[in-house]
Amino acid sequence: MNVSRGELKVTIAKLIEVAYSQDKGMTTKIVRSKGAFKLTLDENGNATLSATVGKVTFSGASTLEKIGANIKSVNVSFSNGGGSIVNYHATFDLKVAKIAISGNFDVEKLVTSCSGLLCQAARAMKGRHQAYEMELQRIMGH
Amino acid sequence: MPKIILVALSLIICSCATNQTTVPDLQKYFVQLSGEVASGDVVDRREDYFSRVYLKEVNIDDENSLFLLNIPSHVKKIESYYQSLNKDTGCLTINGYESNGSPVSIYLEYIKENSHWVVNYMYLNLLEDKSGFKGKAICPKSIE
């Protein structure tokens, strides 16, 4: 088996989406804060999205299981890429190996996709909505 | 007397030859490992290529964990490589491309175990463009 760039990028978007479903107001504030923010996920599946404006904690275990590469933890650093563009650099830790990936996305598009009907439909289908996966990949710059 | 000198000389030459250490070509080991991954033999031959510490994290009955053995398959075409060596450890940087042409680098830590050079740690860097290629050997554990 192998892990694709698309899968990794979608995982980052999905983690933000879980944070959003947990605390819509704070997640939006963080991702629109125009400053640097971080997303971390530890070995027990505890995830935190944080910035100087605040933080959201949530469980990211089920999101990570979908990658299927026994990833132990995740660290993503986000920075302002100008306008509504956010740059990110992510590392996925597998204890004896690491995977790093970078990219950027339009935060407005991500937030819109997560508050819109498409996002709700995807959640109702437990994230197995192919069109939605494609949409997330596109937004995350893949 | 000349016979004794000759024997002594040949003993010295012999001893020098035995003490001479050959510089390991880590890139060659990586290419061999990639070949095993491509042929599907890497699971059976994993102990020839990976350290004991590395293999502790690999459960061959768990398909998800086999990803750790398959990381080299991300590089389909090697563009450049760099290695640095200490006595029993080495670092190898492989710059290349995935099957779809996307640039990728793998930074590997090799260690000498039972007189064999084996992979002890890997860092797969999925790059956006080839300007991310490093022109030197990167030791993966040193990356922040």
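The values are calculated or read from the model by the stated rules, or taken from the named source; none is laboratory data. Because the structure is a prediction, the values reported are computed rather than measured. Using ideal geometry, Cβ is built from the backbone for each residue, glycine included, and neighbour counts are taken over all protein chains shown.
What to note about this one:
- Matching residues in region A:43-65 - criterion: being free of Cβ contacts under 8 Å to residues at least 40 places away in the same chain, hydroxyl-bearing (S, T, Y) and part of a strand (DSSP E or B): A:T48, A:S50, A:T57
- Residue within region B:56-72 that is under 19 Å from B:D25 (Cα atoms), within 15 Å of the chain's Cα centre (by Cα) and of a type outside the set (F, W, Y) present: yes
Quick grid of which residues meet (1) more than 16 Å from A:H89 (Cα to Cα); (2) of a type in the set (D, E, K, R):
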site: B:K77; (1), (2): yes, yes
site: B:T93; (1), (2): yes, no
site: B:V104; (1), (2): no, no
site: B:L108; (1), (2): yes, no
site: B:K112; (1), (2): yes, yes
site: B:V118; (1), (2): yes, no
site: B:G135; (1), (2): yes, no
site: B:P140; (1), (2): yes, no
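- Among (1) surrounded by fewer than 19 Cβ atoms within 10 Å (Cβ to Cβ); (2) at pLDDT below 95; (3) more than 14 Å from chain B (Cβ to nearest Cβ), the one test that A:V31 misses: (1)
- Restricting region A:96-112 to residues that are in contact with a Lys or Arg (Cβ under 7 Å, 6 or more places away or on another chain) and assigned to a strand (DSSP E or B), the residue that is farthest from the other protein chains (Cβ to nearest Cβ): A:G103
- Filter pass, A:I16 being in contact (Cβ under 8 Å) with a residue 12 or more places away in the chain, within 14 Å of chain B (Cβ to nearest Cβ), within 30 Å of B:V104 (Cβ to Cβ) and surrounded by 15 or more Cβ atoms within 10 Å (Cβ to Cβ): no
- Where a residue in region A:69-94 is over 13 Å from A:K9 (Cβ atoms) and touching a residue at least 12 places away in the same chain (Cβ under 8 Å) and its partner, wherever it lies, is among the charged types (D, E, K, R) and crowded, with 19+ Cβ neighbours inside 10 Å, with Cβ under 6 Å and at least six apart: A:T91/A:K98
- Hey, A:S115 at pLDDT below 90, among the hydroxyl-bearing types (S, T, Y) and more than 28 Å from B:S65 (Cβ to Cβ) or not: yes
- Residue that is nearest to the other protein chains (Cβ to nearest Cβ) [pool: residues in region A:1-13 that are of a type in the set (A, V, I, L, M, F, W, C) and in a helix (DSSP H, G or I)]: A:L8
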